Amino acid sequence: MNIWILIVGISLVMLLIFSTWKYILSKNKLLTISDELKFFKKEKEYYEEAMLLLSPDYTIVYANQSAKNLFSLNDENEIIGVGKNIQLEIKQEFVCLKT
């Protein structure tokens, strides 16, 4: 009976150590990705050209200040007011501006 308690106890400690190790690894990876995203956003903000980063379903994930001005986007990348007379047309082969 005591041997089973010992085996279960050791198993639980091993499971706790493994779970903690995985948690620390995933947290470090998340922090690294977050830092890279902050750097990307900071660097891309300085470009004079309008830059948009789109998700696979063509929603705007990131827009620099030039793109926000061009397409009349707010901080959440949504069109404010009536917007300008420029629309973004997305095709499989390329991206073009339509006036």
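Results, tabulated for the structure shown:
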{"quantity": "Long-range HN-HN contacts of Y62 with modeled amide H, under 5 Å", "calculated": "L53"}
{"quantity": "Positive-end residue of I17, F40, I3, charge dipole of the range 1-44 with Cβ unit charges", "calculated": "F40"}
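Bear in mind these aren't lab numbers, they're just calculated from the coordinates by the rules spelled out. What you see is a predicted model, and the numbers here were worked out from it, not measured in a lab. No Cβ is skipped: glycine too gets one built from the backbone with ideal geometry, and neighbour counts run over all protein chains shown.
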